[in-house]
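Some notes on the structure that comes next.
Derivation of every value follows stated rules applied to the coordinates shown; laboratory data play no part. All values derive from a computational prediction rather than experimental measurement. Don't worry about glycine lacking a Cβ; one is built from the backbone with ideal geometry, like all the others, and counts go over all protein chains shown.
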Amino acid sequence: MIEVPMKLNCILEDPEIVEVRNNNPEIDIEHIAYNSQKVVPNSMFVAIRGLKTDGHKYIGDAISRGAILVIYEHDLDEYQDDIMYVKVKNARHMLGTMSSRFYGHPSEALSITGVTGTNGKTTITHMLKSIFQKDGRKCGLIGTINNQIGDEIIDNAGRTTPDSLEVQEIISEMVEAGCQNLVMEVSSHALDLDRVNGVAFDYGIFSNLTQDHLDYHKTFENYFEAKAKLFTYTSKANIINCDDVWGKKLYDRCAQKKGVAVYSYGLNPECDFYARDMKYSIEGTRYTLVTKDGEEEIFISIPGEVMVYNSMAAIINALLEGISIEVIKEALASMSGVEGRMERLDLDTEFDIIIDYAHSPDSLERLLKSVKTMYDGKVYLVFGCNGDRDKEKRPIMGRIAGEFADHVIVTSDNPASEDPQSIIDTVAAAVAEKTDACETVLRRWDAIYYAATLPKAGDVLVLAGKGHEKQETMKDENLYYNEWETAEEAVRRLKAGK
């Protein structure tokens, strides 16, 4: 990564600054931290008020470790004469600004696409990365599953979008490694918390907005406004799913933005790009893409209706980047599946097993509807709902499961600080409104071991909610968990007659 000592001359004119104490614009900043334990000599420490703690409490610790500049928001009890203090309106926002400057504005050296929406972010970014690489470009990726530079995984992501300091560090590494493009998942939390401030986005993609994260945003309007913030950062084009009612609202807003093009996609023939004649099978998804320039037959090596929407967004972005439709089609037809997204396991069983990350009402409904179009047999479903998250979606997901699956087993899925059995009971009661074929099993491992004994030849077992995740979050501990390994063990036990 490119790190250079940062002078403060260029910063002191920033409109975010409220007050400066012990001004010394000639000091060299050699490191930035917002965690006092990561401060080293000659650091800038940014005191951020978090959801669980306040960085202002750790200013003294940061100074003792070598901080020479403190960025803060509210008045302090004491100030040291040999430390420079800069009071700002929003420390989170300033962290992004400072981090970008510290690393030499690395995002300006790449073509960057930000993807936001409730569902589809991971698949769209992976589709785009496959297309860019098929075109011979080195591409970086920041997302839910991991962060990548070309084919190298540089870290397994702890959250969809890292904090702004880490974002700028990662982008700097991508520039140094010779990347030309970056595709980036941008969560509503990241936008609300200014994690992508300082990123020069060229393109923005909006996939959809459905119920999720209302424990944080409280209302759909707040959730929408957080997502919409991405499209204030873009400089070239915005690509929006206008089959979505919130997408249409966003499209109308973006159409007023001068100098930035806006494109609509969906199944509605009034969209700039629309799909028709969709055909779904276990092998993949086919449809006809209609544009103002004509029609193209598209095949994606991943099954499911959502892949039509996801691929249209990726296709539009790639075309705007000057990539030929032939290269795009080849990339989509040959790309490997995305981890934990409509992923069919090859375990030599008479029935199929599918793992999918579906953890919202919309994603679960779309998953089950797609599965039912691909299988003539029964659909068995294992799923649960997260603890310490939007409680309103639990009965909604329960009713969806009961309506579209033939047999439902409700189990745990990251209960966190809540009682897992209480969550299960709430969901199961909603399932029971739609079907009598509902059972509950407390431990997810046991639920899958049991579920694997139920399907017959031609049926399908769907494991929903976990996807790529590698832990089960409990009240007092995080347990290692792997959906693939659990499914494999379930099949091993089944074949052994246990």
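Miscellaneous remarks
- Pairs over the 28 Å Cα-Cα cut-off, from the set LYS393/LYS466; LYS391/LYS434; LYS138/LYS369; LYS38/LYS229; LYS369/LYS466; LYS121/LYS248: LYS138/LYS369; LYS38/LYS229.
- Alpha-carbon centroids, the stretch 9-83 and the stretch 392-425: separation in whole Å: 45
- Extreme residue, positive dipole direction of the chain, given options ILE171, ILE302, LEU95 (C-beta unit charges): ILE302
- Under a model in which nothing but the beta-carbon of Lys, Arg (+1) and Asp, Glu (-1) is charged, the stretch 343-496 shows a dipole of about 220 debye around its Cα centre.
- Principal-axis tilt of helix 121-134 within the chain, Cα atoms, nearest 10 degrees: 80
- Mean Cα-pair separation over length for the stretch 17-102, i.e. relative contact order, pairs under 8 Å, 6 or more apart, %: 31
- In degrees, nearest ten, helix 245-254 long axis to first principal axis of the chain (Cα): 30
- Residues whose placed amide H lies under 5 Å from that of VAL46, excluding near-sequence neighbours: ALA33, TYR34, ILE71
- Neighbourhood charge, 13 Å Cβ-Cβ cut-off, centred on LYS89 and excluding it, Lys, Arg +1 and Asp, Glu -1: -2
- In Hz, Karplus ³J(HN,Hα) per residue of the stretch 95-111 (6.51, -1.76, 1.60; θ = phi - 60°; x = Gly, Pro): 4, x, 4, 5, 5, 4, 5, 4, 8, x, 6, x, 5, 6, 8, 10, 8
- Listed pairs LYS129/LYS456; LYS52/LYS475; LYS134/LYS236 exceeding 28 Å between Cα atoms: LYS129/LYS456
- Proportion of all alpha-carbon pairs of the stretch 383-498 beyond 21 Å (%): 36
- When both the stretch 290-329 and the stretch 238-253 are represented by their alpha-carbon centers, they are found 18 Å apart.
- Here the contact order of the chain, divided by its residue count and restricted to Cα pairs under 8 Å and six or more residues apart, works out to 10 percent.
- Separation between Cα centres of the stretch 103-181 and the stretch 428-498, rounded to whole Å: 32
- On Cα atoms only, tilt of 420-431 relative to the major axis of the chain in degrees: 50
- Charge-dipole axis of the chain as Lys and Arg at +1 and Asp and Glu at -1 on Cβ define it, positive-most pick from VAL40, ASN386, GLY55: ASN386
- Whole-Hz couplings from phi, Karplus 6.51/-1.76/1.60, listed for the stretch 280-292; x for Gly and Pro: 10, 8, 4, 6, x, 10, 10, 6, 9, 8, 10, 10, 5
- Working note: Cα atoms of the stretch 106-334, range along each principal axis, descending, whole Å: 45, 40, 36.
- Whole-number Å³ per residue for the convex hull built on Cα positions in the chain: 155
- Once the chain from GLU225 to GLU330 is taken as fully extended at 0.36 nm per residue, the excess over their C-alpha distance is 34.2 nm.
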